[in-house]
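Shown next, in structure tokens, is the structure this report addresses.
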Amino acid sequence: ETYTCTDTLSLHDALPIYMFWDFRDVDVLCESYRIEYFKDTAGVIRGIEPYSMDRYMFSADTLFQTGYETPILKIVYSRPLMKMKYPLSYGAHAVSDYKGRGLYCNRNAVDVRGNVRIEADATGRMAVSDRDTLDNVLRVHTIRTSSVGIEKDTIVRDTTDRQLEIYDIYQWFVRGWRYPVFETHEISYYHDSALMRSEERRVGKECPYRC
């Protein structure tokens, strides 16, 4: 089965947003975090990290996540989650929806659905130390909204209470580098339109894999 996402190119009437990012004094919250990627005998791309295992697939020019497992949660996407579109040049963006189901603590049903938008919204230079400045940097902004419902048994109903999760992610890529050299992740949790809590992570170039 082939999955697609909406893909448009914004030409921008003005010149590209050319920026200078100074990360020399930023506190990096993750300096060592390793993920191992491999393809299993069934052709499924897997990512193994300390506390989770992710599954991926390519469809045309888009990378999708098809599911993931942690010690307490397992999710399988019936409509996969878009992770990246290739190539992604300045001004390009892609939009896709997703949905999936799973189990929490191997007994509580979980239903998740939402949409994701990925946009290359800026380009420029980045200072990561007093003697290290990177050129040809592309910033990619991802916004993912997720409506999550958890039941006390193995069936999710129309009356299931739900919470809203918003993932706001920035990634800085440099031409010729496979992984982003810097990332910021902010996750906000809402219930009945009220903010319950938020989390933030920053990942520096010392961390050669995503975090």
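For Lys152, the lysines whose Cα comes closer than 22 Å to its Cα, not counting residues fewer than 8 places off in the same chain, are Lys74, Lys99.
Carbon-plus-sulfur fraction of the accessible area of the stretch 81-211, 1.4 Å probe, in percent? Reported share for carbon and sulfur atoms: 46 percent. Each residue, Trp177 and Asp40, gets one label point 7 Å from its Cα in the Cβ direction; the gap between the two is 3.2 nm.
Take the Cα of Asp61, go 7 Å toward its beta carbon, and the backbone nitrogen atoms of the stretch 105-139 under 17 Å from that spot belong to 118-121. The alpha-carbon positions of the stretch 59-161 define a convex hull whose volume is 139 Å³ per residue. Taking the stretch 86-123 and a reference point 7 angstrom along Cα→Cβ of Ile166, the backbone N atoms nearer than 16 Å belong to 114-118.
The values are calculated or read from the model by the stated rules, or taken from the named source; none is laboratory data. Remember, predicted model here, so these are calculated numbers, not experimental data. Reconstructed Cβ throughout: ideal geometry from the backbone, glycine too, with neighbour counts over all protein chains shown. Only protein heavy atoms, including side chains, enter the accessible area calculation; ligands, DNA and RNA are left aside. Shrake-Rupley method; radii C 1.70, N 1.55, O 1.52, S 1.80 Å.
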